[in-house]
Amino acid sequence: MKIIITSKGKTLDSPVDPRFGRGAFFLLIDVDSGEFEVMDNSEGIAASHGAGVQAGQRVVNSGAKALLTGHVGPKAGQAMEGSGVAIYSHAEGTVQDMLDKFRSGSLTPDTTEEG
Amino acid sequence: MILTVASGKGGTGKTTVSVNLAVLASRSGRPVHFCDCDVEEPNAHLFLNPRWDEKKQITLPLPVVDQDLCSHCGKCAEICEFNAIISLPTKTIVFDDLCHACSGCWLVCPEKAIAQGERIIGETETGKAGDLHFTHGRLRIGETQVPPLVEAVNKAVNPDHLVIRDAPPGVTCPAVATIHGSDFVLLVTEPTPFGLSDLKVAVELVRDMKLPCAVLVNRHGSGDDRVDEYCREEGLHLLTGLPFRRDVAESISRGELIVDTIPEMKTAFQGLLVEVLTLAEEASR
């Protein structure tokens, strides 16, 4: 299963980026193998409008089943509703910290998924 | 002849200059149409007090997705430059306030699932103040798409009239939409560092748009000479400035036309009208 964690840097030790639409990077992580891909979000940072919508579209297109981030803004939230992706906000610490918490099952999603 | 009164910096006196010029031109027997193109904050009607004849709603097309026909292929989201449409596995969502009505999405949809709805962006109102024809726009509160409403205001004129457009401040899309299609641009500024700094950007815009212009220093005497110097260095037509006077400010604050309340202003504006129209007519030859 793949998840996305918003990150300030390109490695699992990087601090979590609390932003979604204007977050620096999205790390697309395979929870089982620990392998990951870095998605650059400079287009989102530069977008004058609709950064949240664009980010939502990218998450949906990536096949990720969960998004871990600090806060999801109103347009991003609207965009992700009913998307099949579970959202976990209030993420903090490093990407690795959040990955460990996710694996341990100790996190509760903001919204649960119905397809 | 379409004369647009614009500025860089806000608050320099565009509305004061445009309404007073329009009134004098109209009273001299010339057919004149005044367009208040600051559709976000129209204020010229406060000075001209037109009697209203017509109100028209202005709309933009808006994509409406038939979810039953949609195959979730994502082509609409791919083509949208404004992130206004998102393609989810179970539905396609449109964000009205991001949509720029480019029509890309409904053109590329392979299922013909996107219809053209419409949404209201504001209204235009037209009327007369004496013999002076008047049109302004009122943008819907919260609306982001401004230029289409400015274009609707600009279109509402008789092309045989002398058209005077009061531009919004600055050099962004609403100002560009106002200036577009003008024959001559009158840039109103004030003799201060901010006035000069913003004037330079406005001059750059007008030059990019390849339009003739002239500069008018309002509240002359309240600052320094750097605007005058800049105009000389750049070879810009510098019109006779309007002096800084407290009684002028007081009269404006009461919503009065200063050509009616202050004789020296009437004289100054009569001179200004002749200066501007002469320059504009020369430039158009």
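The values are calculated or read from the model by the stated rules, or taken from the named source; none is laboratory data. Note that the structure is predicted; figures quoted are calculated from it, not measured. Note that each Cβ is placed from the backbone with ideal geometry, even for glycine, and that neighbours are counted across all protein chains shown. Areas reflect the complete protein model, heavy atoms only, side chains present, ligands, DNA and RNA absent. Shrake-Rupley method; radii C 1.70, N 1.55, O 1.52, S 1.80 Å.
Can you work out the Karplus-derived ³J(HN,Hα) for every residue in the range B:11-24? Use 6.51 cos²θ - 1.76 cosθ + 1.60 with θ = phi - 60°, whole Hz, and x for glycine or proline. Values, residue by residue: x, 7, x, 4, 5, 4, 5, 5, 5, 5, 5, 4, 5, 5 Hz.
With +1 on the Cβ of every Lys and Arg and -1 on the Cβ of every Asp and Glu, and nothing else charged, how large is the dipole of the protein assembly as shown about its Cα centre, in debye rounded to the nearest 20? Write out the running numbers ahead of the final one.
Numbers: 37 positive and 55 negative charges, 102 e Å.
Dipole size: approximately 500 debye.
Toward the positive end of the charge dipole of the range A:10-83, with +1 on the Cβ of Lys and Arg and -1 on the Cβ of Asp and Glu, the farthest Cα among A:Gly73, A:Pro15, A:Met39 is that of A:Gly73. Straight-distance candidates among the lysines for linking to A:Lys10, with alpha-carbon spacing under 20 Å and chain neighbours fewer than 8 residues away dropped: A:Lys2, A:Lys101. Each Lys and Arg contributes +1 and each Asp and Glu -1, all at the Cβ; summed about the Cα centre of chain B, the dipole is approximately 320 debye.
I'd like the distance separating the alpha-carbon centroids of the range B:63-128 and the range A:74-114, in whole Å. Each part's Cα centre sits 29 Å from the other's.
Net charge around B:Ala167, counting only other residues with Cβ within less than 11 Å of its Cβ (Lys, Arg = +1; Asp, Glu = -1)? Counting the neighbours of B:Ala167, the net charge comes to -1.
Derived scalar couplings between HN and Hα for the range B:248-261 equal 5, 4, 5, 5, 4, 5, 8, x, 8, 8, 5, 6, 9, 9 Hz in order, rounded to whole Hz, by the Karplus curve 6.51 cos²θ - 1.76 cosθ + 1.60 (θ = phi - 60°), x for Gly and Pro.
Just subtract the alpha-carbon distance of B:Glu281 and B:Asp225 from 0.36 nm times their residue separation and send over the number in nm, one decimal.
Numbers: separation 56, 0.36 × 56 = 20.16 nm, distance 2.86 nm.
Using 0.36 nm per residue and subtracting the Cα-Cα distance, I get 17.3 nm.
Output the residues of the range A:73-93 meeting this criterion: accessible area (heavy atoms, 1.4 Å probe) in the chain alone minus accessible area with all protein chains in place is 20 Å² or greater. With the partner chains in place, the range A:73-93 has these residues losing at least 20 Å²: A:Lys75, A:Gln78, A:Ala79, A:Glu81, A:Gly82, A:Ser83. For chain B, the residue among B:Asn20, B:Cys102, B:Leu211 whose Cα projects farthest onto the positive side of the dipole built from Cβ charges is B:Asn20. Cross-link partners of B:Lys200 among aspartates and glutamates, defined as those whose alpha carbon lies under 18 angstrom from its own and excluding same-chain residues fewer than eight positions apart: B:Glu190, B:Asp208, B:Asp224, B:Asp225, B:Asp228, B:Glu229, B:Glu233, B:Glu234.
Would you mind working out the magnitude of the charge dipole of the range B:67-112 relative to its Cα centre, with +1 at each Lys and Arg C-beta and -1 at each Asp and Glu C-beta, to the nearest 20 Debye?
Numbers: 3 positive and 6 negative charges, 28 e Å.
Here the range B:67-112 has a charge dipole of around 140 debye.
Note on chain B: with a GNM built from Cα contacts shorter than 10 Å, the maximum mean-square fluctuation among B:Glu41, B:Glu275, B:Glu78 falls on B:Glu78. Taking amide H positions as modeled 1.01 Å from N, with prolines and chain starts lacking one, the residues under 5 Å from B:Phe34 and 5 or more places away or on another chain are B:His133, B:Phe134, B:Thr135, B:Ile164. Solvent-accessible area of chain A (1.4 angstrom probe, protein heavy atoms only): carbon and sulfur portion equals 50 percent. Using only Cα atoms and rounding to the nearest 10 degrees, what angle (0 to 90) does helix B:193-208 make with the longest principal axis of chain B? That helix lies at roughly 60 degrees to the long axis.
Under 5 Å between amide hydrogens, built in the peptide plane, is the criterion, and for A:Thr94 it picks out A:Val16 among residues at least 5 positions away or on other chains.
Computed with a 1.4 Å probe over protein heavy atoms only, the accessible surface of the protein assembly as shown comes to 47 Å² per residue.
Between chains B and A, what is the buried accessible area in Å², counting both sides, with a 1.4 Å probe and ligands, DNA and RNA left out, to the nearest 100? Could you put the intermediate results ahead of the total?
Numbers: alone 13930 and 5970 Å², together 18770 Å².
What B and A bury together is about 1100 Å².
Annotated for the range B:1-128: lysine pairs at least 8 residues apart or interchain, Cα distance under 27 Å, count 8. Largest mean-square fluctuation among B:Ala202, B:Ala167, B:Ala156, in a Gaussian network model of chain B whose springs join Cα atoms under 10 Å apart, belongs to B:Ala156. Backbone phi angles across the range B:87-94, fed through the Karplus curve with coefficients 6.51, -1.76 and 1.60 (θ = phi - 60°), yield HN-Hα couplings of 9, 9, x, 10, 6, 10, 10, 9 Hz in residue order; Gly and Pro are listed as x. Springs between Cα atoms under 10 Å define the GNM used for chain B, and in it the highest mean-square fluctuation of B:Thr16, B:Thr59, B:Thr189 occurs at B:Thr59.
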